[in-house]
Amino acid sequence: MRRRAFLSLLGGAAAWPLAASAQQPTMPVIGFLGAASPDLWADRLRAFRDGLAEAGYVERRNVVIEYRWAEGQYDRLPALASELVRRDVAAIAVPGSVAAVVAAKAATSTIPIVTTLAADPVAMGFVASLNRPGGNVTGIASLGVELGPKRLELLRELVPTATNIALLVNPANPTTTTVSKDIEVVARKLGMQLHVLGASSERDFDAVFAKLAQLRASGLVITPDAVFTARGKQLAALALDNRVPAIYQFREFAAAGGLMSYGGNFTEPFRRVGGYIGRIVKGEKAADLPVQQATQIELFINLGTAKTLGLTVPISLLGRADEVIEQWPRLLCPISLRSAKIESFTSRRLQRLVSKLARPRSRASAGDVRTSNDRPA
């Protein structure tokens with residue numbers, strides 16, 4: 001009897017870890033569908049995880065994130081979205097790409113989808129209204145596509161002699177047709193000829209800039225797209241090497257040597273996507289979460305690039321800039337753009353500079369803008 005009691009006790013003790021394991025709650029699993037690649041979205045991923053943490057979820061501690069990356073190949077998105085649906089994730093984060101949202105929405109009508117887009121989600125048919133999305137899609141809408149005509153106007157203001165302008169689009173992006181038409185209308189009003197050039201991956205970039213040289217284009221407007229955003233530094237370098245004044249959406253483009261950037265901040269919407277995902281995991285419904293609107297618009301001008309291209313930036317334009325970047329581009333010194341020294345002026349400091357220049361001076365004219373990099377030796 002004693003032996004039998006001992007064996008029973010031993011068997012019960014062996015079962016305790018299994019019972020305890022079975023009682024531990026299973027971590028929720030969320031999906032992340034990216035149109036680009038993780039190495040190019042490091043800052044965005046950090047912001048997304050920060051938003052998720054603010055909602056109480058930390059990756060690998062109390063939530064699992066299943067990542068799927070299209071690596072800039074939009075035709076892979078439908079299959080990747082289907083993989084996440086089969087994984088039975090609690091929600092799918094689909095930030096920064098209209099094509100990725102289209103693929104995710106086609107793959108599921110029940111799993112919540114949270115996105116951030118530089119396009120109108122109502123016009124795209126993703127939600128019924130901003131206040132009450134009504135389906136399984138919600139997120140953050142930022143001004144991006146709508147700013148295309150304004151980017152063309154800013155480029156014309158900085159390059160007043162420009163009459164031959166190119167527009168870079170991704171043919172695979174569902175917004176391409178609308179964006180091209182809107183910018184074409186403004187181009188005609190400004191008396192400019194617009195050439196629409198397509199690139200669906202970085203493999204097409206060299207051909208695009210070869211075409212720009214052939215067209216003798218005096219400027220380039222780049223439309224918002226996940227492929228272009230992920231390769232913004234590369235596009236900035238190509239524009240600089242080919243001496244093409246170019247404008248895009250995000251600050252990183254101007255900081256890397258592009259002439260100008262005009263648009264919204266990209267990390268903040270990713271943080272908000274993480275926050276919405278966390279709220280959905282806790283039990284809220286996507287249909288009841290209003291689409292947030294990111295309305296902050298910023299203008300960045302790279303004064304070093306302007307000098308390299310032989311352009312004079314009007315003081316009126318400098319005064320409207322949120323930041324003026326003074327940088328030695330690669331064409332002027334043997335260092336890479338990544339290691340180039342960047343000195344930024346906030347708009348407040350710039351306004352003081354402009355005010356000083358506007359005062360009567362005996363030795364310098366009001367149009368003689370001098371930065372700290374221009375001090376006499």
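Any read-out appearing in this document is the output of simple, stated calculations on the displayed coordinates, not a laboratory observation. None of these values were measured; they are calculated from a predicted model. Methodologically, a virtual Cβ is constructed for each residue, glycine included, from the backbone with ideal geometry; neighbour enumeration extends over all protein chains shown.
List of remarks:
- Evaluated at q = 0.13, 0.19 Å⁻¹, a Debye calculation over the C-alpha positions of the range 68-223 (equal weights, vacuum) places log10 I(q)/I(0) at -0.68, -1.12.
- Positive minus negative residues near A99 (Lys, Arg vs Asp, Glu; Cβ under 14 Å): 0
- Cα→Cβ-extended label distance, 7 Å offset, between E157 and R216, nm: 2.8
- Inter-probe distance in nm under a simple model that places probes 7 Å from Cα toward Cβ, at N265 and D241: 3.3
- Computed E for A123/V185 - FRET, C-beta separation, R0 25 angstrom, nearest 0.05: 0.90
- Global geometry of the range 27-92, whether rounded, prolate or oblate, following the gyration tensor of its Cα atoms and the 1.5 cut on a/c: oblate
- Links that overshoot a 25 Å alpha carbon limit, given the list K189/K233; K150/K307; K150/K181; K181/K285; K105/K282: K189/K233; K181/K285
- Gap separating the Cα centres of the range 155-207 and the range 249-316, nearest whole Å: 20
- Relative packing of peptides 107-113, 291-297, 236-242 - highest average C-beta neighbours within 10 Å first: 236-242, 107-113, 291-297
- Centre separation in Å (Cα based) which lies between the range 105-126 and the range 64-90: 15
- The mean sequence distance of close C-alpha pairs (under 8 Å, at least 6 residues apart), as a share of the length of the range 93-169, puts its relative contact order at 25 percent.
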